[in-house]
Amino acid sequence: MLTDQTTLNWFAACNVADVPANGGVCVKYQETQIALFHFARRDEWYATQNECPHRKQMALSRGMIGTQNDEPKVACPFHKKTFSLTTGECLTGDECSIKTYPVKVDNGQVWIGVED
Amino acid sequence: MKVVIIGNGMVGYKFCEKILSKTTNVELVVFGEETRPAYDRVHLSEYFSGKSADDLTLAGIEWYELNDIKLHLGDPVQSIDRVKKVVHSHLGISESYDYLVLATGSAAFVPPIPGVDKQGVFIYRTIEDLEMMQQHARKAKRGVVIGGGLLGLEAAKAMLDLGIADTSVIEFAPRLMPRQVDDAGASVLQNKLSALGLTIYTSKNTSEILGEETITGMRFSDDTILHTDMLVISAGIKPRDELAKAAELATGARGGIIVNEKLETSDPFIFAVGECALYNGMIYGLVAPGYEMADTVATNLTGGDKRFTGYDMSTKLKLIGIDVASFGDPFIETDQTRSLVFEDTLKGIYKRINISGDGKELLGGILVGEAAQYNMLLQTCKNKIVLPPNPEDLILGSRGGSEAEGAGVQGLPGDALICSCESVTKADICNAVTAGGCETLDGIKKCTKAGTGCGGCVPMVKDLLVYTMKSQGKYVRNVLCEHFNYSRQELFDLIKINDLRSYDEVLNKLGQGDGCELCKPPVASILASLWGEMILKKGNDTAQDSNDRFLANIQKGGTYSVVPRIPGGEITPDKLIVIGQVAKQYNLYTKITGGQRIDLFGAHLGDLPDIWQQLIAAGFESGHAYGKSLRTVKSCVGSTWCRFGLHDSVSFAIRIEERYRGLRSPHKLKGGVSGCIRECAEAQSKDFGIIATEKGWNLMVCGNGGSKPQHALLLAADLDSETCIRYIDRFLMFYIRTADTLTRTATWLNKMEGGMDYLRNVVVNDSLGMAAQWEAEMQLLVDSYKCEWKEAIENVEIRKRFNHFVNAPEKDPSIQFEPMREQKKVADWK
Ligand code: SRM
Ligand SMILES: Cc1cc2nc3c(=O)[nH]c(=O)nc-3n(C[C@H](O)[C@H](O)[C@H](O)COP(=O)(O)OP(=O)(O)OC[C@H]3O[C@@H](n4cnc5c(N)ncnc54)[C@H](O)[C@@H]3O)c2cc1C
Ligand code: SF4
Ligand code: FES
């Protein structure tokens, strides 16, 4: 989790309309790939690393989102390992976890916060 | 009565739980050397695959408070005064006792090798050990485990989990797991482990650990050297009897506190249980016998009468994803016994069963690589169930002929022990279902505790649950996931009746929560089967399984494959040329598939629409290789060219493939048409297979290739083409409507009550009166077919989804290829 001490650099990722409802897209930020999800059912936005830590595949943005006991999650398209969108923790019992990023939406524009 | 327990490990904890379930009239005081309350050591390794210390805890501090147990953690007992009946702890606490229970467990045995005290050398027993390993592993590239037994291989798995790919295992004995498996089994196991990247050395004796302060390598008695950054010693266990020794209780020459059948030590007021107890010359290094010991002492202290008379040491484990099991007497070899052995070196499977000379009784055995039969074999062995006439069926499964499935759970006696960790019998479980009203696995776990220990019996508990419910005439619910309390069949009907058209509508009306990867694909598939609408319609696009969502199969590395439909396997030279041109232009790897068509691999997501645009322009269509839908209808060349051909099988295959293309179903569908009984199209291995006869076509259904091949069965003989198609329409609609998600037609039929006779009655004799409706529904789907790739490339909204980045035009820079035989392959994954 990010704390107040760290300075966040917000960059404009894309427009709200670029992201499919209840799905994800991959955002390029410098050399980093970030998966951005619009959880329209809950009116929530999430961003995580795009790489699935299981087999190091750049694929999470193409994964299916949903919930497990109300915890929002994404399932990797490769082997269906699932990760919490809030904590990045692997929910299918693996040690690996993913990085999450804060997202804000302002006037139709989606912003992602990264630590520089 | 005041009982003091020394040791708060698995067995010490179980003793508290057992005695409290039998009486309230007891004062309990527990001393634990570790700082945490008892945790699940059996699943210790899961700490590295994500479980926290809290997850492993057997009961939190609150449980001890609630039950008025005085718990002193981080405070080992230092001496026992047997005359005054008082124990003294390290922190200076003294507690008197009426009875004392020693549950001090064991410690890792560390051989006296010079240098074992160097940094980077670990043992594998407590959460603290694991925390230290984790810390050290960050800087380590190479790792070694001493010990190729059960614990050693588990430690090796932990090293891999810690990211140390270069891990070796050193075993002193000539083979791995010398206590559980024989030479042949061990060599199969060793091959499998080597294939996973572990280096295994047997018959190797470590003479010295090298390095200044920190380990850098090891020297062996044969003077070879192995460099390493980290070492885990897992060479066996040493019972912790130091306290007992100091108190002058009788102990064994090689360690362990000597106990009798009541687990009494040489002092009748002191008991020993678990891994510190030596019964009949033996230390029981497993949790189930320890629990049995705890129960025996608890029973006797509360007025009961129970004896511990030894314990079955059968085990089943999953080592690095490889099943290994041994049961009964795995090694027995006498004149009066015989052993049946099955070995498949390619697949890495080894199975051995030992049976009595008269062939009636199972005495023991070993399973490596595949242990699905373990529970049944163990029960057959323990309950002395008479063996079937061909005992090899037990390990090979029945091979054709009459149904010799072996006895299922029905065949077991009521007192068969199903869960040995918690000593739960078959009768206990059946009772929980019939009298206790438990109708879920979780319910049974709560009510009987079965399956809460090592978990090995869970499949059998499930079978018993289903069997008991069925025998009560109850319907066994098979719900999709936490968001839908319905089976696929129920959902299908409800979606139809309520005329629901999108995933969200279905969820709002019939489910709860926000959905997940378990319910979205089956619901999306039902919607497609019912309404035949474009699957990427807004709202349903993100409910499609990933392959459906991008109309292509995702592959290692993140590229996709392109499979145009080639109905019946027939293709013109011009079309072949187009495939070649497209493959060249986009640098795709091409291969003829097992389904008589051509697959183009390695396409970037962003290139898919352009590739398909060119293919469609040349007259191709989507081959639906990505969908749970019709794949191919394989054909043989048939009467147009073949001297034996009875009818034109190619034309009929094309007609059928074009009829059902795009149809969405619970699992994929495959067909085949052969021009005569020589069956060159392998139609009998398909979901529906058609074979030409003198008088027409024979229609066979529910065949399957894959991992459990099954021959299709004859549904109807000598049909004319129109009737044959009508029957297939009905058959497919019946399947789509009633099968569970991801169930092929073969499995669907295997689960169907009444089997083939029932199916034939429904399809041919129209016993449900549904035939006309099903045929009409199928005709609607056939008429509404459109190539979904064509629609996708024409729709700008859909087309723009095929970009790797939403904010940049380039392709995924992380994808890498390597050359191979004049084409390319994707770089291997890490
Ligand atoms: C390409 C092909 C192998 C080849 O190079 O020949 C293939 C490739 C795949 N098969 Fe297959 N199967 C291929 C013919 C077969 C056959 C042979 C046949 O159809 O005659 C079988 C056995 C027959 C059968 O299905 O009964 C077959 C049985 C499977 C199974 C096991 C199904 C089962 O019921 O047990 C799976 C797994 C599944 O579907 O869950 C599977 C799954 C797969 C997947 C989709 C795995 C995946 O999810 O990624 C592979 C996709 C590779 C890709 O990226 O495109 N494939 N697969 C063949 C494509 C045929 C085609 O033209 O569409
Ligand atoms: C990695 C691993 C995997 C395993 N896998 C399996 C498996 O798959 N199946 C299976 O059946 N078994 C397995 N086991 C074995 C199983 O964990 C043990 O059989 C079981 O834990 C024994 O319980 P216990 O209570 O006798 O000993 P322990 O669980 O070791 O508990 C003894 C406790 O007593 C404490 N103690 C010792 N001396 C004192 C003292 N003087 N004062 C206070 N406290 C003291 C110790 O610190 C310890 O906490 C495995 C063990 C390990 C380490
Ligand atoms: S057999 Fe296995 S590896 Fe080969 S294509 Fe089919 S799924 Fe892939
Ligand atoms: S690569 Fe993501 S689950 Fe395997």
- Message: Give me the strands (runs of 3 or more DSSP E) completely within segment B:103-180, filtered to those with at least 3 residues that are farther than 18 Å from B:Lys238 by Cβ, ordered by residue number.
- Response: B:142-146, B:166-170
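For (1) closer than 24 Å to B:Glu275 by Cα; (2) modelled with pLDDT under 85, each residue gets a yes or a no:
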| position | (1), (2) |
| --- | --- |
| B:Asp312 | yes, yes |
| B:Val324 | yes, no |
| B:Gly328 | yes, no |
| B:Glu343 | no, no |
| B:Ile355 | no, no |
| B:Gly365 | no, no |
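Would a scan of segment B:522-542 turn up a residue that is assigned to a loop (DSSP other than H, G, I, E, B) and closer than 19 Å to A:Asp70 by Cβ? Give the steps one after another, and end with the answer.
Keep residues of segment B:522-542 that are assigned to a loop (DSSP other than H, G, I, E, B), which gives B:532-540.
So of that shortlist, the ones also closer than 19 Å to A:Asp70 by Cβ come out as none.
Checked against the condition, which is being assigned to a loop (DSSP other than H, G, I, E, B) and closer than 19 Å to A:Asp70 by Cβ, segment B:522-542 yields no hits at all.
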- Task: Can you give me the number of residues within segment B:804-830 that are assigned to a loop (DSSP other than H, G, I, E, B) and hydrophobic (A, V, I, L, M, F, W, C)?
- Result: 6
- Say whether the condition of being more than 14 Å from chain A (Cβ to nearest Cβ), assigned to a loop (DSSP other than H, G, I, E, B), at pLDDT 95 or above and closer than 26 Å to B:Tyr785 by Cα is met by at least one residue in segment B:574-586. no
- State all residues of segment B:498-549 that are facing chain A (nearest Cβ under 8 Å) and among the acidic types (Asp, Glu); if no residue qualifies, say none. B:Asp504, B:Asp514, B:Glu517, B:Asp541, B:Asp545
- By residue number, the members of segment B:34-55 that are in a loop (DSSP other than H, G, I, E, B) and free of Cβ contacts under 8 Å to residues at least 12 places away in the same chain are B:Gly50, B:Lys51, B:Ser52
- Task: Scan segment B:263-279 for residues that are outside any strand (DSSP E or B) and more than 37 Å from the chain's Cα centre (by Cα) and jot them down.
- Result: B:Leu263, B:Thr265, B:Ser266, B:Asp267, B:Pro268, B:Phe269
- Of the criteria (1) more than 7 Å from chain B (Cβ to nearest Cβ); (2) within 16 Å of ligand 1 (Cβ to nearest atom), which one A:Leu36 fails: (2)
- Query: Of the numbered conditions (1) more than 14 Å from chain A (Cβ to nearest Cβ); (2) modelled with pLDDT under 90; (3) outside any helix (DSSP H, G or I); (4) surrounded by 13 or more Cβ atoms within 10 Å (Cβ to Cβ), B:Asn750 satisfies every one except a single condition; which is it?
  - Reply: (3)
- For segment B:590-598, indicate whether the set of residues that are touching an Asp or Glu at 6+ places or on another chain (Cβ under 9 Å), surrounded by fewer than 20 Cβ atoms within 10 Å (Cβ to Cβ) and free of Cβ contacts under 8 Å to residues at least 12 places away in the same chain is non-empty. yes
- Here are A:Thr48, A:Thr100: which of them is more than 11 Å from chain B (Cβ to nearest Cβ), hydroxyl-bearing (Ser, Thr, Tyr) and surrounded by 23 or more Cβ atoms within 10 Å (Cβ to Cβ)? A:Thr48
- Message: One residue is enough: does segment B:226-238 have a residue meeting the conditions surrounded by 24 or more Cβ atoms within 10 Å (Cβ to Cβ), of a type in the set (Gly, Ala, Ser), more than 16 Å from ligand 4 (Cβ to nearest atom) and not in a loop (DSSP other than H, G, I, E, B)?
- Response: no
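Let me confirm something: among B:Ala692, B:Ala717, which residue is small (Gly, Ala, Ser), buried (at least 18 other Cβ atoms within 10 Å of the Cβ) and in contact (Cβ under 8 Å) with a residue 12 or more places away in the chain? Give the derivation first.
Working: B:Ala717 fails: buried (at least 18 other Cβ atoms within 10 Å of the Cβ).
Checking each option against the conditions leaves just B:Ala692.
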- Tally the residues that are more than 8 Å from every other protein chain (Cβ to nearest Cβ) and either surrounded by 20 or more Cβ atoms within 10 Å (Cβ to Cβ) or not aliphatic (A, V, I, L, M) (or both), restricting the search to segment A:55-95. 14
- Item | Members of segment B:720-746 that are surrounded by fewer than 20 Cβ atoms within 10 Å (Cβ to Cβ), within 16 Å of ligand 1 (Cβ to nearest atom) and charged (D, E, K, R) | B:Asp740
- Of all residues making up segment B:455-508, the number that are among the β-branched types (Val, Ile, Thr), more than 30 Å from B:Leu536 (Cβ to Cβ) and crowded, with 17+ Cβ neighbours inside 10 Å: 3
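The values are calculated or read from the model by the stated rules, or taken from the named source; none is laboratory data. Owing to the predicted nature of the structure, the values given are computational and were not obtained by experimental measurement. When we count neighbours, we look across all protein chains shown, and the Cβ atoms used for this are built from the backbone with ideal geometry, even at glycine.
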